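The next block holds one structure in the form of structure tokens; read it before the comments.
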Amino acid sequence: MLELTVEQISMAQTAVDKPAALQLLAELLVADGLVADGYLTGLQNREKQGSTFLGQGIAIPHGTPETRDQVFSTGVRLMQFPEGVDWGDGHMVYLAIGIAAKSDEHLRLLQLLTRALGENDIGEALRQAESPEALLKLLQGAPQELALDSQLISLGVTADDFEELVWRGARLLRKADCVDNGFAAVLQQVEALSLGDGLWWLHSEQTVKRPGLAFVTPDKPIRYLGQPLTGLFCLASLGEAHQTLLERLCSLLIEGRGHELGHATSNRAVLEALGGEVPAEWPTQHVTLANAHGLHARPAKILAQLAKEFEGDIRVRVLDTGESAVSAKSLSKLLSLGARRGQVLEFIAEPSVAADALPALLAAVEQGLGEEVEPLPTATSPTPAAAVVAPEMPAPVDGAQITAVPASPGIAIGPAHIQVLQAFDYPLQGESAAIERERLEKALNEVRQDIQGLIQRSKAKAIREIFITHVEMLDDPELINEVILRLKQGESAAAAWDNVIDSAARQQEQLQDVLLAERAADLRDVGRRVLAQICGIENVAAPDEPYILVMDEVGPSDVARLDPAQVAGILTARGGATAHSAIVARALGIPALVGAGDGVLLLKPGTVLLLDGQKGRLTVAPDAETLQRAAEDRDNREQRLQAAAAKRMEPALTVDGHAVEVFANIGDSAGTPAAVEQGAEGIGLLRTELLFMAHSQAPDEATQEAEYRRVLDDLQGRPLVVRTLDVGGDKPLPYWPIDKEENPFLGVRGIRLTLQRPQVMESQLRALLRAADNRPLRIMFPMVGTVEEWRQARDMTLRLREEIPVADLQIGIMIEVPSAALLAPVLAKEVDFFSVGTNDLTQYTMAIDRGHPTLSAQADGLHPAVLQLIDITVRAAHANGKWVGICGELAADPLAVPVLVGLGVDELSVSARSIGEVKACVRELNLSTAKQLAQNALTVGSAAEVRALVEAL
Ligand code: PEP
Ligand code: MG
């Protein structure tokens, strides 16, 4: 890791201009043996690409990726220019930090610098600094202060033993954002120190974000290691921040005043004794929240906006939970309260604004914060847990056609069976902590057994995996501990469970990662099952005839419980195509549409529905003729699929003898035999990120090699197209911290990320080359948008290939970004092949988020705009003798196959289940007709028109 030391600093340098300063720095880096002579060119080129001025009188000249091989060892050299050097754009530089870095080791240094820059302008101070020590001090910024305020103190908390008290202390630190989630577990491993007077001390640096001290006292006398325990300090330690506090605490103990802390009755007394931040006596007011869904995003936003209108500090907490107050101006903090209907909010405002702010905030809450609210019946009334459909929303009329997100293909016809979530009636207060805990345990056991049964009965791996996750959720110690704490505070088992699940699910829903956010549905699903058990509510029995299940948001376990013989189709008001319920529906082969809008919940039970899970279309009460046609379509499809399955191992040749290769997409190295069994002629897309995601840290080269080798072995000589790691942006790896981005889909993802981490990319490439053993290996790079990205990735691969020779290697790129398609004529001269990722290409061409719950149905890969880009790609490739594959979902769409073949695509790579069907589609085609169709498709204006052209074929 790069650290700054005084030895690296050269004081009082002069340079007439920027080139002279770069020259000086380069000479110093060369003289100190860090770089070769040529590095100066790197420094100069880098400045040409964009100034390295960082702000506040600092510049960070460094080389370009091309001059990385000029670096002998990573290091920095600092030069102070008291007279300043003009760095262009009117920026004066007083300190130039020359960086010689082989990889991204300098990022930590940048982090340090930007932290220093975050404070006051230090440019002038850097100029005036007279010693290397003074300069260094400026760069290291002010040490962070120890957080110690009222929020970090909790007196008389319910705790039976030392562990529970530790957990409470760690929780305070987490709430104050001093530590990450795992701090409680870290503290449990640390040896506690007895300070005397019943006080105990624990500290750790692990997972600490900023230094902070929490102090907790138990509500009843407890003992630890045979000694009394009246108070516990938990220190999140970082640097020297706690030094002063420690000295003060020592004097307090020496003076024999330790017992004052253990027996303190107010936070103020503790803070005064310890010298923490003593809060003024701030006015407070209470109001009961009446919003049906609690303080969810919309009302919370309105509350935060209103609070921001007042200058002073305003805090809010949920009364009687023991949780600390949070800033009423922060939307995320408000959401973290998880406040539910019926709970009392306590507002605390700085005296200067309290008189105006508190009445305004209370009135806003009483008026529903922008929502219609039902008055609260009584203080202890039950809270409804069901989704409520706005009564004024009209139900779809007979004959209406509704577009929704296609989630599982197939045509389904049947009466609507509407299942709106049940309302759970439960008391807020429990009988006693022991009785409520017994209720909870009983319900958890029942649900656990029920899910274990489902795991055993499920044939599909995808379904089993989902239920295994559900069991893990039920056993999550953090969740259970939170519930138990609430039971001890007097809540009923149902209320405590519901509150904890709701706030955990809300936190997940706010995550930027679509997949993780969708896992909140699993949490709510499993939460509802337990709640139903506690409340003794039975599941509603399903009708006997095959029906279409209509739900608000269907939980995966709802789907997995379904009997495919009974449930003809699934229709939901909300949800996206990547939700687990959609995956389960696909695995069970039940046609499904999701995100059809709340109106479908108002359909009259028994209304006949026609659902097309492929086209994303729902017809309400269709006329007899439409029904007849749909039933025929469904039967034909069934027959076609059976015939296709029988011929799945044969090649896909058009009627006039043109061959199209049909490959499989896989994400799991164990998936190859099944793909080959379904007729795959090779693997057209190995999504290697799934392999990385399955590990808690980046898999090393040997682990990766074994996985890739397994795929190649199972392919028995068939080609393997591997995509290098495609993470970042919306799908980060837990062990790769990536800065939060406003628009992750437009951020650092795919090749952009791996080029920033060359060591990860190199190790993946090495593992691939080693696994190849001269078998046909094709490597492609995801999300390439520029020629430079391609060249960097190619050069790295070719360099490694010299080390690890592979006879049958092709290197190509995915066409997922419109710029890459438009540059195909240039790229085609250099690549060996293209593979079009239509999922992303459509997203970026249409500017529609591919996971968007309502818009994604319009992001159709058959849009002529997308087809134009594919056409450019194929023409450019063929003109240069290269091949083109399609590996996005479009390749498996029976209506798209004729168009893609007509555009001249050489290979289609689809999920194993679709191989037989895609081959059958190809066999029905005549190449010349398909070419004409494709040309016509390029001339129309919408995806619907393209689909109509194909249907008319
Ligand atoms: C694509 O974008 O079409 C593709 C195949 O990649 P992924 O779906 O994994 O982003
Ligand atoms: Mg993609």
Quiz item: ³J(HN,Hα) across segment 240-254 via Karplus (A = 6.51, B = -1.76, C = 1.60, θ = phi - 60°), whole Hz, x for Gly/Pro?
Solution: 9, 3, 8, 3, 4, 4, 4, 4, 5, 5, 4, 4, 4, 5, 5
Exercise. Please report how far the C-alpha centroid of segment 807-848 lies from that of segment 889-934, rounded to the nearest whole angstrom.
Key: 19 Å
Practice problem: Please get the size of the charge dipole for segment 415-503, origin at its Cα centre, with Cβ charges of +1 on Lys and Arg and -1 on Asp and Glu, quoted in debye to the nearest 20. | Solution: 460 debye
Quiz item: Short version: ³J(HN,Hα) in whole Hz for each residue of segment 41-52, in order, from phi by Karplus 6.51 cos²θ - 1.76 cosθ + 1.60 (θ = phi - 60°), x for Gly and Pro, what are they?
Solution: 4, x, 4, 5, 4, 4, 5, 5, 5, x, 4, 9
Exercise. On the full set of protein chains, 1.4 Å probe, figure out the accessible area of Lys175 and give it in Å² to the nearest 10.
Key: 60 Å²
Self-check item: Lys/Arg +1, Asp/Glu -1 at C-beta; segment 127-227 dipole; positive extreme among Leu139, Leu202, Ala214
Solution: Leu139
Quiz item: Taking R0 as 56 Å, what's the FRET efficiency between Met11 and Glu309 from their Cβ-Cβ distance, rounded to 0.05?
Solution: 0.65
Exercise. Could you rank Thr688, Thr939, Thr41 by how accessible they are, 1.4 Å probe, largest area first?
Key: Thr939, Thr41, Thr688
Self-check item: Estimated distance in nm for a label pair at Glu191 and Ala948, the labels positioned 7 Å out from Cα along Cα-to-Cβ
Solution: 8.0 nm
Quiz item: So how far, in whole Å, is the C-alpha centre of segment 158-220 from the one of segment 81-101?
Solution: 46 Å
Exercise. Compute the Kirkwood hydrodynamic radius of the chain, taking the inverse of the mean of 1/r over all pairs of distinct Cα atoms, and give it in Å to one decimal.
Key: 32.0 Å
Practice problem: In whole Hz, with x marking every Gly and Pro, tabulate ³J(HN,Hα) for segment 152-157 from phi via Karplus 6.51 cos²θ - 1.76 cosθ + 1.60, θ = phi - 60°. | Solution: 9, 10, 9, 9, x, 7
Quiz item: Any idea of Trp736's accessible area? Nearest 10 Å², probe 1.4 Å.
Solution: 20 Å²
Quiz item: Setting aside same-chain residues fewer than 8 positions from Lys442, which aspartates and glutamates have a Cα under 19 Å from its Cα?
Solution: Asp425, Glu431, Asp450, Glu472, Asp475, Asp476, Glu478, Glu482, Glu491, Asp498, Asp525, Glu538
Quiz item: In terms of modelled amide H atoms, which long-range or inter-chain residues lie less than 5 Å from the amide H of Ser408?
Solution: Ala592
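How much of the accessible area of segment 163-288, in percent, comes from carbon and sulfur atoms when a 1.4 Å probe is used? If you can, show how the numbers build up before the last one.
Numbers: 3030 of 6010 Å².
Ligands and nucleic acids excluded, carbon and sulfur give 50 percent.
Below 15 angstrom from the Cβ of His293, what's the summed charge of the other residues (Lys, Arg +1; Asp, Glu -1)?
In short, -1.
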Practice problem: Work through the residues other than Leu22 whose Cβ is under 13 Å from its Cβ and net out their charges, Lys, Arg +1 and Asp, Glu -1. | Solution: 0
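Given a 1.4 Å probe, how much area per residue of the chain is accessible, in Å²?
On the way: 41260 Å² over 953 residues.
Heavy-atom accessible area per residue stands at 43 Å².
Looking at this model, which pairs from Lys102/Lys882; Lys48/Lys102; Lys329/Lys740; Lys102/Lys829; Lys175/Lys209; Lys18/Lys137 are more than 23 angstrom apart at the alpha-carbon?
Lys102/Lys882; Lys102/Lys829; Lys18/Lys137, as the Cα separations exceed 23 Å there.
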Exercise. Please give the length that would be gained between Gln507 and Asp808 if that part of the chain were fully extended, namely 0.36 nm times their separation in residues minus their C-alpha to C-alpha distance (nm, one decimal).
Key: 103.5 nm
Quiz item: How much of Ile468 can a 1.4 Å solvent probe reach, expressed as accessible area in Å² and rounded to 10?
Solution: 80 Å²
Quiz item: Using a simple spin-label model with points 7 Å from Cα along the Cα→Cβ vector, what separation in nm is obtained for Gln756 and Glu247?
Solution: 4.2 nm
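Can you give the helix-only mean residue ellipticity at 222 nm for the chain, where every DSSP H stretch with n ≥ 4 adds -39500 (n - 2.57) and the sum goes over all residues, rounded to the nearest 500 deg cm²/dmol?
On the way: 35 runs with 394 residues, N = 953.
Helix contribution divided over all residues of the chain: -12500 deg cm²/dmol.
Leaving out ligands, DNA and RNA, and with a 1.4 Å probe, what % of the accessible surface on segment 730-810 is carbon or sulfur? Provide the component values of the computation, followed by the final result.
Details: 1640 of 3530 Å².
For segment 730-810, the apolar C and S fraction of the accessible surface comes to 47 percent.
The values are calculated or read from the model by the stated rules, or taken from the named source; none is laboratory data. Since we're looking at a predicted model, the values are computed, not measured. Cβ atoms come from the backbone with ideal geometry, glycine included; neighbour counts cover every protein chain shown. For the accessible areas, the whole protein counts, side chains as well, though only heavy atoms, and no ligand, DNA or RNA atoms are used. Shrake-Rupley method; radii C 1.70, N 1.55, O 1.52, S 1.80 Å.
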